[in-house]
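Engineer: Sending over a structure as structure tokens; questions will come in a sec.
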Amino acid sequence: MREFLYSEVANLHGMPNIPDDPELAIMVGKRLCEDILEPLQATFGKIWIRSAFRSCDVNGFCSGQQRAGKKGYGCASNEANFARHIWDRRDADGFAGAMACIVIPWFADKFENGTDWRALAWWIHDHLPYSTMYFFPRMAAFNISWHERPKKRIDSYIAPKGCLTKPGMPNHEGDHSEWYLGFPELVQPQT
């Protein structure tokens, strides 16, 4: 949990980054870990957490909501981040969730050498119960979320930009293994 609570923005600006509802934050954080992050780490090796839990104050500051006339750090509004980076608030529909921005060094090296980001996206899509993923160009970092009502949607700021898949798209179902040849088999961590 210490790694999830760490925030460079909060530290830089002397802001606490503590959940208002620790029980909810721990519950969704546990699901994010057990269902998604731990299998990723068991399969690919160490993962780097770039950003995870944000308090409403920290996220509001990052989005610019709490600094009239000031540009934020690129975060979405608090309401858009409920049950995403703001783990201790349910979304508008009453569902809980958690999100982390991560880098998988094993894949980051491959990405730097030309491997398409969609290889990792499809591997995760075929193996793990994620809700959403959003890929970024730097180090192939991406947001990945667990949610009580998963959306199963993948988007990217890396070309081809936009939505890779979501329910209802022709490519959503089926096997995508041709994208990730040579990737390791899923390893479930020891409990």
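Engineer: For the range 125-148, what are the residues that are assigned to a helix (DSSP H, G or I), crowded, with 21+ Cβ neighbours inside 10 Å and in contact with a helix residue (DSSP H, G or I) (Cβ under 9 Å, 6 or more places away or on another chain)?
Structural biologist: Ala140
Engineer: While we're here: Return the residues of the range 149-173 that are open to solvent by less than 40 Å² (accessible area, probe 1.4 Å) and touching a helix residue (DSSP H, G or I) at 6+ places or on another chain (Cβ under 8 Å); say none if nothing qualifies.
Structural biologist: Step one: list which residues in the range 149-173 are open to solvent by less than 40 Å² (accessible area, probe 1.4 Å), which gives 154-156, 158, 162, 164-165, 172.
Hits for the range 149-173 are Ile154, Ser156, Ile158, Leu164, Thr165.
Engineer: Go through the range 149-191 and give me each residue that's assigned to a loop (DSSP other than H, G, I, E, B), touching a strand residue (DSSP E or B) at 6+ places or on another chain (Cβ under 7 Å) and of a type in the set (Val, Ile, Thr).
Structural biologist: Matches in the range 149-191: Ile158 only.
Engineer: Now for a different question. How many residues are exposed (fewer than 10 other Cβ atoms within 10 Å of the Cβ) and at pLDDT 95 or above if we restrict to the range 174-191?
Structural biologist: Qualifying residue count for the region: 6.
Engineer: Now for a different question. Assess whether Gly114 counts as being open to solvent by 50 Å² or more (accessible area, probe 1.4 Å) and on the phi > 0 side of the Ramachandran plot.
Structural biologist: Yes; evaluated as a whole, the condition is true for this residue.
Residue by residue, here is whether (1) over 14 Å from the mean Cα position of the chain (by Cα); (2) farther than 21 Å from Lys151 by Cα; (3) surrounded by fewer than 18 Cβ atoms within 10 Å (Cβ to Cβ); (4) modelled with pLDDT under 95 holds:
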{"position": "Pro16", "(1), (2), (3), (4)": "yes, yes, yes, yes"}
{"position": "Val28", "(1), (2), (3), (4)": "no, no, no, no"}
{"position": "Asp35", "(1), (2), (3), (4)": "no, no, yes, no"}
{"position": "Ala42", "(1), (2), (3), (4)": "yes, yes, yes, no"}
{"position": "Lys70", "(1), (2), (3), (4)": "yes, yes, yes, yes"}
{"position": "Glu79", "(1), (2), (3), (4)": "yes, no, yes, yes"}
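Engineer: Quick one: Lys46 ticks every box in (1) in a loop (DSSP other than H, G, I, E, B); (2) of a type outside the set (Asp, Glu); (3) under 27 Å from Asp109 (Cβ atoms); (4) modelled with pLDDT under 95 except a single one, so which number is it?
Structural biologist: Of (1) in a loop (DSSP other than H, G, I, E, B); (2) of a type outside the set (Asp, Glu); (3) under 27 Å from Asp109 (Cβ atoms); (4) modelled with pLDDT under 95, only one is false for Lys46: (4).
Engineer: Please enumerate the residues belonging to the range 1-35 that are of a type in the set (Val, Ile, Thr) and in contact with a Phe, Trp or Tyr (Cβ under 7 Å, 6 or more places away or on another chain). Step through it out loud before you land on a result.
Structural biologist: Within the range 1-35, the subset of a type in the set (Val, Ile, Thr) is 9, 18, 26, 28.
Answer for the range 1-35, where residues must be of a type in the set (Val, Ile, Thr) and in contact with a Phe, Trp or Tyr (Cβ under 7 Å, 6 or more places away or on another chain): Val9, Val28.
Engineer: Can you name every residue in the range 87-111 that is within 14 Å of Pro150 (Cα to Cα), open to solvent by less than 10 Å² (accessible area, probe 1.4 Å) and assigned to a loop (DSSP other than H, G, I, E, B)?
Structural biologist: So in the range 87-111, the residues within 14 Å of Pro150 (Cα to Cα) come out as 90-91, 93-99.
Subsequent filtering for residues that are open to solvent by less than 10 Å² (accessible area, probe 1.4 Å) retains 96-99.
Correct list: Ala96 only.
Engineer: Can you name every residue in the range 144-171 that is among the aliphatic types (A, V, I, L, M) and out of contact with any His (no Cβ under 8 Å at 6 or more places or on another chain)? Can you show your working first?
Structural biologist: Residues of the range 144-171 that are among the aliphatic types (A, V, I, L, M), as a first pass: 144, 154, 158-159, 164, 169.
Ile144, Ile158, Ala159, Leu164, Met169, listed by residue number.
The values are calculated or read from the model by the stated rules, or taken from the named source; none is laboratory data. This one's a predicted model, so the numbers in the text were calculated from it and none came from an experiment. Methodologically, a virtual Cβ is constructed for each residue, glycine included, from the backbone with ideal geometry; neighbour enumeration extends over all protein chains shown. With ligands, DNA and RNA removed, areas are computed over all heavy atoms of the protein, side chains included. Shrake-Rupley method; radii C 1.70, N 1.55, O 1.52, S 1.80 Å.
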